[in-house]
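A.B. asks: Submitted below is the structure of interest, expressed as structure tokens.
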Amino acid sequence: MGRRPLPKTPASNIGASRPHAQVEEHLLRQSSPPTRSPDALISPQRSAGSPSMNKPFSSRPSLPDFHSVDQASVTSPDHSSVKPAPVRVGSVDVVSPPTLAPPSLTSHVADMYDYHAPAEEPYNDPLMSMDDAYGDFERDGLARSSYSTMEGNRKVSYADLNESSLHLGMPPILHDAEDAPFLDSESMQGWVQRQQRPENGHTRQVHLTEGNWIVDYPVPTPISNAVEPMYREQGFPKEFTHLRYSAVTCDPDEFTSEHGWGLRTSSEYRRSTELLITLTYYNEDRNLLTRTLYSVMQNIRDICKHRTSRYWQGSEEDGQPAWQKIVVSLVFDGIDPCDKETLDVLATIGVYQDGLMKREVNGKETVAHIFEYTTQISVDSTPKLVQPVPGQDSNLVPVQMIFCFKQKNSKKINSHRWVFHALGRMLQPEIVVLIDVGTKPGTLALYHLWEAFYNNPNLGGACGEIHAMIKHGIKLVNPLVAAQNFEYKISNILDKPLESTFGYVSVLPGAFSAYRYRAVTGRPLEQYFHGDHTLAEKLGNKGITQMNIFKKNMFLAEDRILCFELVAKAGDQWILSYVKPSKAETDVPEHTAELISQRRRWLNGSFAASIYSLVHFVRFYKSGHGFTRMFFFHVQALYNLIQLILSWFALANLWLTFAIIIQYLPSILLRQYGDAWLIAFHYVNLIFMWLYAFFLALQFVLALGNRPKSEHLVYALSFAVFGFLGLYVIVISLWLTAESFASMHPKNGDYADVVLSNTTAVLIASLAAMFGIYLIASLLYADPWHMLTSSVQYTLMAPSFVNVINVYAFCNLHDVSWGTKGADKADALPSVGPAQSCEQADTFEEAALSQEELDTRFQDVVSRAMSPYHVEHEKSTPTMDDGNRTFRTRLVALWLLTNAFLVALIMNLYDYQPHAKLDDEIYFKVILWSTFSMALFRFIGCLVFWIRRQSTKWFVRS
């Protein structure tokens with residue numbers, strides 16, 4: 001929490017004003033040579049005969065620390081006590097640690113946990129970079145600072161550090177890459193070589209557990225010694241010292257205790273699980289992983305230390321500490337697409353080790369590799385190593401982690417099947433939280449989600465507020481990012497509160513949502529997992545491969561199906577809700593090609609899922625919802641139907657709005673400026689109309705024959721053109737509105753009738769619906785900044801969302817790919833079979849590592865985890881099916897035909913005359929009033945939601 005400031009010592013006085021300066025100078029003169037050869041990685045202190053290596057774990061000091069040093073006194077060679085002075089490092093006052101000759105990287109990584117000196121003034125910042133852990137080095141390898149150590153009872157302090165001595169750079173071992181062949185963890189070849197256990201002559205026999213490979217492996221000494229004593233006492237003997245690895249050779253549905261499988265948390269420790277937090281991963285880089293994982297661990301700490309929650313504060317009194325009720329599961333979707341540098345991050349915190357995974361066990365192919373470990377260490381995206389500091393309330397709590405590493409890439413929905421049908425069935429959690437890697441939960445985000453479930457027993461699912469990651473507004477310079485930021489904000493202010501008021505949120509984003517486990521079990525999950533390709537053969541005609549193209553598109557938005565099935569579950573009264581205080585941020589596409597590809601999945605999936613929910617609305621009658629709730633469900637269904645119709649005809653409505661407004665301009669010009677202006681603007685408008693038509697037709701050509709990545713420049717030009725034409729229409733609309741109000745002459749002062757009967761006044765109502773209501777709603781929720789920073793960009797991008805993205809989505813309705821890459825490469829993993837020297841059939845033999853060898857390999861792991869990251873973009877070519885193409889063509893033809901018919905019908909209802917008014921253009925008024933009415937309806941919903949929240953807050957305070 002709060003930091004205790006230490007008196008600042010000027011850099012110029014460091015060493016000169018302190019009695020023990022000569023002691024430190026003497027120690028530095030006896031340091032090792034400045035160069036660090038990879039051949040001398042193991043320090044003499046960590047040799048085979050080293051006492052610290054030979055003594056058992058239980059006899060080692062209980063709380064090792066990176067920064068441990070007794071700040072009360074420092075003993076000089078003449079045994080006189082001196083008190084170390086603090087040094088200002090950046091914004092933190094740090095007491096200089098003890099100094100000796102810099103040991104090797106390996107010895108320091110291990111030794112930093114091998115002792116613990118009592119610290120009255122430990123480092124105040126629990127975040128520590130790897131340079132701090134290894135010691136500070138200049139690029140030439142010369143030691144600038146020294147390392148902590150102890151010799152008998154003699155205590156010494158670090159050499160003094162000034163502000164320039166701390167820097168973020170590569171660890172010293174990375175300076176000579178040729179001597180470290182496995183440092184490039186992005187290389188598949190390097191990762192493959194690390195999967196082979198070294199031929200050191202040491203082997204051990206492993207007995208199968210009911211025919212299954214479930215083995216405990218010791219973790220590196222630095223990891224096991226990082227846990228605070230209070231948590232060691234609460235845990236089990238092997239919980240912090242051993243990593244459990246299970247080579248699962250069965251389907252997720254068969255991962256049960258009856259088949260001999262189990263998880264330490266439930267089967268061995270017999271703990272009840274309140275929260276199962278799942279992070280789903282595909283191919284994100286390590287920065288995205290650390291950003292999400294560290295934020296989740298911070299949220300877990302905040303939950304466990306939340307002082308106002310009786311449930312979590314009373315957990316320890318009930319016999320189970322709060323941290324033991326929370327489990328984090330990481331599900332990686334395949335070995336091949338995985339960024340191997342993320343595995344180094346997981347190995348750094350103890351959740352994974354190279355060389356343990358088995359490709360097959362006794363002839364059975366491994367389906368998933370499950371690692372289990374409880375860790376108190378994390379890595380943030382800086383990268384910095386986060387580990388406990390004595391006496392700090394901000395320390396992370398131990399986190400029970402389950403790392404499920406699927407051998408083959410089988411899509412996200414299969415990852416969810418591992419969560420719900422395998423891990424969830426074992427743990428029986430109350431709440432399951434789903435988070436995509438890359439999404440960063442905000443402060444107390446997970447607590448607010450859990451609190452919503454705790455306070456409402458009928459709540460079956462909930463989601464928080466997801467907003468675009470804009471990096472303090474810097475990314476808003478990009479109009480695409482700003483437009484998406486506006487979309488996210490308006491959805492969170494108007495759409496989600498409206499649906500939450502009804503009790504049925506049509507979609508809980510898979511990137512950040514939560515479900516009550518017993519609410520989704522049964523039919524909701526059964527219907528949801530029909531989209532799993534690995535079940536296609538088992539399900540037969542109901543499987544994903546036998547579905548028609550329409551149903552396949554539904555599973556591009558599978559979270560909508562789960563939401564519908566949950567609320568419509570027979571005999572139950574589950575509802576869905578939006579939790580405003582729970583916030584998370586995520587990256588959004590920054591380029592047109594990425595945005596188009598993402599929205600293609602979203603639009604096609606939501607379109608199919610919306611029709612599915614409307615067609616199967618009768619299923620609500622079998623649920624246990626009361627009359628009032630059912631009434632509001634009918635109102636919501638009608639609202640969704642109108643929204644669907646407006647979305648279907650959005651292409652025609654946008655063209656009609658553009659054409660009618662620019663054709664109305666000449667009548668004003670003729671009255672005000674004469675024929676010259678009329679002729680000029682006639683041709684200008686004609687050019688703009690043909691330009692609009694040309695680029696609209698171009699979208700069909702591009703969508704039917706090209707991928708967005710191959711035509712990103714043309715798509716960027718299309719966005720720019722439609723943005724310019726939209727701006728032109730807005731300027732003309734404002735001009736027409738001003739002229740119309742100036743020429744008003746109402747009888748008896750009745751301005752209301754004139755406004756309501758005037759087309760341009762209706763246009764103003766539509767604009768007010770878009771911005772006036774948005775602004776009022778944003779002010780109600782105290783979140784108006786997007787109106788200032790993103791509304792203009794959204795207005796300019798809105799035509800492209802319809803004319804470019806909608807066209808591409810419908811023209812690619814046949815494409816139901818979701819980012820799955822090619823064949824998986826698991827051949828790198830070793831197989832295990834019965835040992836020839838063993839008589840028992842269920843006994844296997846594998847190479848064994850000593851604790852010293854394990855610690856030696858660990859320093860390579862940490863070095864790779866902190867090395868610079870290089871992004872490689874891999875292009876994927878989706879396969880095309882002729883039958884799907886045919887369906888696509890017919891649907892697009894029908895869509896075009898209906899929209900063209902509507903345009904022709906409306907445009908020929910009257911003969912345009914320059915002097916004519918548009919008072920009789922009923923259709924145009926209907927469209928504008930419909931827009932206003934729909935926005936007003938959303939505003940009423942968000943207003944009711946806001947009033948309910950304020951009333952609840954008042955009631956709680958009372």
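A.B. asks: What list of ³J(HN,Hα) values in whole Hz, one per residue of the range 684-689 in order, does the Karplus curve 6.51 cos²θ - 1.76 cosθ + 1.60 (θ = phi - 60°) give from phi, with Gly and Pro shown as x?
C.D. replies: 4, 5, 5, 5, 5, 5
A.B. asks: Using the Karplus equation 6.51 cos²θ - 1.76 cosθ + 1.60 (θ = phi - 60°), what ³J(HN,Hα) coupling, rounded to whole Hz, does each residue of the range 226-238 give in order, writing x for Gly and Pro?
C.D. replies: 7, 6, 5, x, 4, 7, 4, 5, 7, x, 8, x, 9
A.B. asks: At a threshold of 8 angstrom on Cα-Cα distance, excluding pairs fewer than six apart, so keeping six or more, what relative contact order does the range 210-455 reach in percent?
C.D. replies: Result for the range 210-455 is 33 percent.
A.B. asks: Then there's this: So how do Ser246, Ser623 line up by other beta-carbon neighbours within 10 Å, fewest first? List each step's numbers first, then the result.
C.D. replies: On the way: Ser246 23, Ser623 19.
Least to most surrounded, the residues fall as Ser623, Ser246.
A.B. asks: Multiply the residue separation of Ser267 and Arg948 by 0.36 nm, subtract the distance between their alpha-carbon atoms, and state the gained length in nm to one decimal.
C.D. replies: Details: separation 681, 0.36 × 681 = 245.16 nm, distance 4.27 nm.
Here the answer is 240.9 nm.
A.B. asks: Apply 1/(1 + (r/R0)^6) to the Cβ-Cβ distance of Ala900 and Ile474, taking R0 = 60 Å, and write down the FRET efficiency to the nearest 0.05. Can you show the working numbers first?
C.D. replies: On the way: r = 43 Å, r/R0 = 0.72.
After rounding, the FRET efficiency stands at 0.90.
A.B. asks: Rounded, prolate or oblate: which one fits the range 512-599, using the alpha carbon gyration tensor with axes a ≥ b ≥ c (rounded when a/c is under 1.5, else prolate when a/b beats b/c, else oblate)? Working shown, then result.
C.D. replies: Working: a/c = 2.56, a/b = 1.09, b/c = 2.34.
It is oblate, given that a/c is not under 1.5 and a/b is not larger than b/c.
A.B. asks: Taking a ≥ b ≥ c as the square roots of the eigenvalues of the Cα gyration tensor of the range 210-455, is the shape rounded (a/c under 1.5), prolate (a/b larger than b/c) or oblate? Walk me through the intermediate numbers first.
C.D. replies: On the way: a/c = 1.40, a/b = 1.34, b/c = 1.05.
Cα axes put the range 210-455 in the rounded bin.
A.B. asks: Report the full-extension gain for the segment Phe700 to Ala680: residue separation times 0.36 nm, less the Cα-Cα distance, to one decimal in nm. Spell out each step's value before the answer.
C.D. replies: Working: separation 20, 0.36 × 20 = 7.20 nm, distance 3.13 nm.
Residue separation times 0.36 nm, minus the Cα-Cα distance, leaves 4.1 nm.
A.B. asks: Given a cut-off of 31 Å, name the pairs among Lys325/Lys440; Lys325/Lys538; Lys411/Lys496; Lys305/Lys358 whose C-alpha atoms lie farther apart than that in the structure shown.
C.D. replies: On the way: Lys325/Lys440 22 Å; Lys325/Lys538 35 Å; Lys411/Lys496 27 Å; Lys305/Lys358 39 Å.
In this structure, Lys325/Lys538; Lys305/Lys358 exceed 31 Å between Cα atoms.
A.B. asks: Determine the dipole magnitude for the range 210-455: charges of +1 sit on the beta-carbon of Lys and Arg, -1 on that of Asp and Glu, nothing else is charged, the reference point is the Cα centre, and the result goes in debye to the nearest 20. Present the calculation step by step, with values, prior to reporting the outcome.
C.D. replies: Numbers: 25 positive and 31 negative charges, 37 e Å.
With only Lys, Arg, Asp and Glu charged at Cβ, the dipole is about 180 debye.
A.B. asks: Along the range 702-714, what does the Karplus equation 6.51 cos²θ - 1.76 cosθ + 1.60 (θ = phi - 60°) give for ³J(HN,Hα), rounded to whole Hz, x for Gly and Pro?
C.D. replies: 3J(HN,Hα) across the range 702-714, in whole Hz: 5, 5, 7, x, 9, 8, x, 5, 7, 10, 5, 5, 5.
A.B. asks: What spacing in nm lies between the two simple spin-label points modelled at Thr443 and Asn455, each 7 Å away from Cα in the Cβ direction?
C.D. replies: It is 1.9 nm.
A.B. asks: Which order results if Val684, Val731 are arranged by neighbouring Cβ count within 10 Å, fewest first? Mind showing how you got there, number by number?
C.D. replies: Numbers: Val684 13, Val731 10.
Ascending Cβ contact count within 10 Å gives the list Val731, Val684.
A.B. asks: Under the definition of Cα pairs under 8 Å and six or more residues apart, what whole-number percent is the relative contact order of the range 467-564?
C.D. replies: Numbers: 66 pairs, mean separation 23.7, N = 98.
So the answer I get is 24 percent.
A.B. asks: Mind giving me the FRET efficiency for Ser817 and Arg307? R0 is 60 Å, r the Cβ-Cβ distance, nearest 0.05 is fine.
C.D. replies: On the way: r = 48 Å, r/R0 = 0.80.
Efficiency, from the Cβ-Cβ distance: 0.80.
A.B. asks: Separate question: In what order do Arg270, Arg232 fall by count of nearby beta-carbon atoms within 10 Å, going from fewest to most? Don't skip to the end; give the middle numbers.
C.D. replies: Working: Arg270 8, Arg232 19.
Lowest to highest Cβ neighbour count: Arg270, Arg232.
A.B. asks: While we're looking at this one, here's another question. What number comes out for the charge environment of Tyr294, summing +1 per Lys or Arg and -1 per Asp or Glu over other residues with Cβ under 11 Å away? Write down the numbers at each step before the final one.
C.D. replies: Details: positive: Arg291, Arg301, Lys384, Lys440; negative: Asp380.
Around Tyr294, the charge tally is +3.
A.B. asks: Still on this model: Have a look at Ala452, Tyr373, Val397 and report the one farthest towards the positive end of the charge dipole of the range 210-455, computed about the Cα centre with Cβ charges (Lys/Arg +1, Asp/Glu -1).
C.D. replies: The residue sitting farthest along the positive end of the dipole is Ala452.
A.B. asks: Now a separate question. Which far-off residues, 5 or more places away or on another chain, put their amide H under 5 Å from the one on Thr209, with H placed in the peptide plane?
C.D. replies: Result for Thr209 returns Ile214.
A.B. asks: How far is it, in nm, from the label point at Val618 to the one at Ala847 when both lie 7 Å from their Cα along the line to the Cβ?
C.D. replies: Once both label points are built, they end up 6.5 nm from each other.
FYI, it's all coordinate maths here, none of it is from the lab. Please read these numbers as outputs of a predicted model, since none were measured by experiment. With ideal geometry, Cβ positions are generated from the backbone for all residues, glycine too; neighbour counts draw on all protein chains shown.
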